[in-house]
Amino acid sequence: MTEVSTKKQRNLLLALLFLGWSIGNFDRYVINYAIVFMGEDLGLSATATGLVLSSFFLGYAIMQIPGGMLADRFNPRFVMIATIFTLSLFTTMTAVAWSVTSLIIIRFLFGLGEGSFFPTASKFITVSFPEQERSKALSVVLSSAGIMSIITALAAGVLLESFGWRILFVCAGVVGLLLAFIYLKLLKIAPVTPSASAAKTASPKQKVPMKRLLKNPLLWKLFSAYFMLYFVNWGLSSWMPTYLKTVRELDMATIGVLHIIPGIATIIGIYISGFLQDRLKVEQSKWTAIGFILVSAVLLFLMYGAPSVALFFTYQTLIALLLTFVFVLMPSIVLKKAAPEDAGFVAGFVNTGGQLAGFVAPTAIGIVIDQSNGSYMTTFALMAGCAVLGAVAFGTMSFKNSDASRGPSEIEHEVMT
């Protein structure tokens with residue numbers, strides 16, 4: 001196979017993974033707007049709203065490790081096709097929810113359906129791209145988050161008010177089912193073609209037993225960082241539309257337009273981060289990330305006290321730009337440090353931390369708001385505290401000759417840090 005044909009395969013693979021992640025991101029973002037209308041139809045309290053938003057992430061988190069194991073053991077192509085089909089099916093079924101309980105169950109099942117996507121996508125990138133190109137490839141896939149946040153912000157308010165939340169979820173589900181059919185026809189692995197010198201010196205790696213992987217301190221530190229920092233991410237994305245509508249008294253159309261600004265910052269940050277991280281040593285990226293996280297914690301306090309909406313969104317945009325570097329770095333560490341044979345499991349394990357945060361954050365914040373009589377001060381303080389703890393988790397990591405798929409005997413310095 002020529003280098004040109006291999007590059008074309010990689011580009012097609014990236015385009016398909018980008019589209020798949022876009023479908024998942026659209027649903028996760030649009031419900032943060034739709035929940036306002038769902039709450040009116042179904043009579044949701046702040047706590048119930050938090051449970052609905054969290055239920056997806058519980059299912060998603062539960063499926064991270066099994067999804068990664070499936071991608072490692074079986075053909076990741078089939079795992080990905082099944083994932084897109086299942087998540088699209090339950091997106092459609094969201095439209096038929098008739099009560100709080102039914103909505104929570106459907107969203108939980110939707111999370112289970114989508115849970116295999118990220119570890120399987122990580123598997124595809126690890127086995128299809130050379131190490132020096134993986135951060136850039138990952139940034140392309142992750143950029144769908146920023147792009148879909150803009151599209152959702154622009155379209156959600158108009159579509160929800162024009163057609164209602166039920167029709168919107170039906171349409172999103174149908175688009176996903178069409179993509180599953182496209183995956184069936186086009187999705188393939190683009191294997192890395194090693195150079196002649198690399199082929200001579202390379203030795204095959206054996207799959208590391210799961211128990212040995214779980215004894216690796218780096219995995220648990222990444223897991224902790226994922227949880228703390230994604231608590232901030234999901235806290236902001238799930239509750240800011242409600243906060244802006246109830247406290248700042250903005251209408252949904254205005255909220256949607258203003259959220260374009262952080263979305264653009266996210267897209268720019270993702271591409272810059274992927275470019276830089278393929279050129280920086282991981283240790284250098286780590287200290288850069290710690291600085292960005294601590295600045296973001298300060299900005300969270302400033303957001304709450306912002307005297308104007310313009311200043312509020314300025315702070316939120318800066319947080320989006322800074323934390324994007326961190327959100328690209330965490331999975332990049334896995335893609336570069338994990339052996340291809342274990343990439344699915346390792347990606348699924350550490351990403352479980354982020355998705356557990358997605359389950360905990362909306363519910364915890366909803367409870368805090370109810371207990372604070374509608375005040376959001378404690379909410380912003382909670383997110384700032386989680387950011388600081390995420391910086392601490394990063395500070396304990398060391399990457400000198402480390403490998404995320406090795407056991408502790410091979411990276412003894414990790415045990416000491």
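No lab work stands behind these numbers, since they all come straight from the coordinates. No experiment lies behind these values; they were computed from the predicted model shown. In this analysis, Cβ positions are derived from the backbone assuming ideal geometry, glycine residues included, and neighbour counts consider all displayed protein chains.
Starting from 0 in steps of 10 Å, tell me what percent of the Cα-Cα pairs of the stretch 318-407 lands in each bin.
14, 37, 31, 14, 5, 0
Just report the Cα centroid separation between the stretch 267-298 and the stretch 1-55, whole Å.
Their Cα centres are 24 Å away from one another.
Could you give the angle, 0 to 90 degrees to the nearest 10, between helix 117-128's Cα long axis and the longest principal axis of the Cα atoms of the chain?
Result, in degrees: 30.
For Ile319, Ile167, which order do you get if you count the other beta carbons within 10 Å of each Cβ and list the fewest first?
By the 10 Å Cβ count, ascending, the order reads Ile167, Ile319.
Can you pull the three principal axis extents for the Cα set of the stretch 99-171, in Å, largest first?
Ordered largest first, the stretch 99-171 gives principal extents of 47, 28, 16 Å.
Post the alpha-carbon centroid distance, the stretch 354-387 to the stretch 80-106, in whole angstrom.
Value for the Cα centre distance between the two parts: 25 Å.
If you stretched the chain out fully between Ser162 and Ser308, how much longer would it get, using 0.36 nm times the residue separation minus the C-alpha to C-alpha distance?
The Ser162-Ser308 span can extend by a further 49.6 nm.
State, to one decimal in nm, how far the label point of Thr47 lies from the label point of Gln9, with both points 7 Å from Cα in the Cβ direction.
5.5
May I ask you to work out the translational diffusion coefficient for the stretch 288-349 at 4 °C, viscosity 1.567 mPa s, via Stokes-Einstein with Rh from the Kirkwood sum over Cα pairs, reported in whole µm²/s?
97
Please turn the phi angles of the stretch 134-139 into ³J(HN,Hα) values with the Karplus equation 6.51 cos²θ - 1.76 cosθ + 1.60 (θ = phi - 60°), one per residue in order, whole Hz, x for glycine and proline.
With the stated coefficients, the stretch 134-139 comes to 6, 5, 5, 4, 4, 5 Hz.
Hey, what number do you get for the chain at 222 nm if only DSSP H runs of n ≥ 4 count, each worth -39500 (n - 2.57), divided across all residues, to the nearest 500?
-27500 deg cm²/dmol
Loop-only check: which trypsin sites (Lys or Arg not before Pro) in the stretch 209-288 are DSSP coil with at most 15 other Cβ within 10 angstrom?
Here the trypsin sites (Lys or Arg not before Pro) that fit, given the DSSP loop and packing criteria, are Lys215, Arg248, Arg279, Lys281.
Using 19 Å as the Cα-Cα cut-off, could you pick out the over-long pairs in Lys8/Lys337; Lys7/Lys136; Lys123/Lys337; Lys221/Lys337; Lys215/Lys337?
In this structure, Lys8/Lys337 exceed 19 Å between Cα atoms.
Using alpha carbons only, how many degrees (0 to 90, rounded to 10) separate the axis of helix 76-93 from the longest principal axis of the chain?
Once rounded, the angle reads 10 degrees.
Compute the acute angle (0 to 90°) between the alpha-carbon long axis of helix 100-114 and the principal axis of greatest extent of the alpha-carbon atoms of the chain; round to the nearest 10°.
20
Based on the alpha-carbon gyration tensor of the stretch 202-299, what equivalent-ellipsoid semi-axes (square roots of 5 times the eigenvalues) come out, in whole Å, largest first?
Value: 36, 18, 14 Å, ordered largest first.
Give me Leu70, Leu280 sorted ascending by neighbouring Cβ count inside 10 Å, so fewest comes first.
Leu280, Leu70
Stokes-Einstein at 4 °C, 1.567 mPa s, Kirkwood radius from Cα pairs: D for the chain in µm² s⁻¹?
The Stokes-Einstein estimate is 60 µm²/s.
Out of residues 5 or more away from Ala339 or on other chains, whose amide H comes under 5 Å of its own, with H placed 1.01 Å from N in the peptide plane?
Residues meeting the amide H criterion: Ser405.
Using a 10 angstrom cutoff on alpha carbons, build the Gaussian network for the chain and name the most mobile of Thr314, Thr246, Thr363.
So, out of Thr314, Thr246, Thr363, the one fluctuating most is Thr246.
State, as an integer percentage, the relative contact order of the stretch 38-104 based on alpha-carbon contacts under 8 Å between residues 6 or more apart.
Relative contact order for the stretch 38-104 comes out at 49 percent.
To one decimal place, what Kirkwood hydrodynamic radius in Å is obtained for the stretch 326-376 from all pairs of distinct Cα atoms?
Kirkwood hydrodynamic radius for the stretch 326-376: 12.9 Å.
If you count, for each residue, the other Cβ atoms within 10 Å and average over each peptide, how do 25-37, 301-313 line up from highest to lowest?
25-37, 301-313
Most exposed first by the Cβ proxy, i.e. fewest other Cβ within 10 Å, how do Leu276, Leu356, Leu214 rank?
Result, fewest neighbours first: Leu214, Leu276, Leu356.
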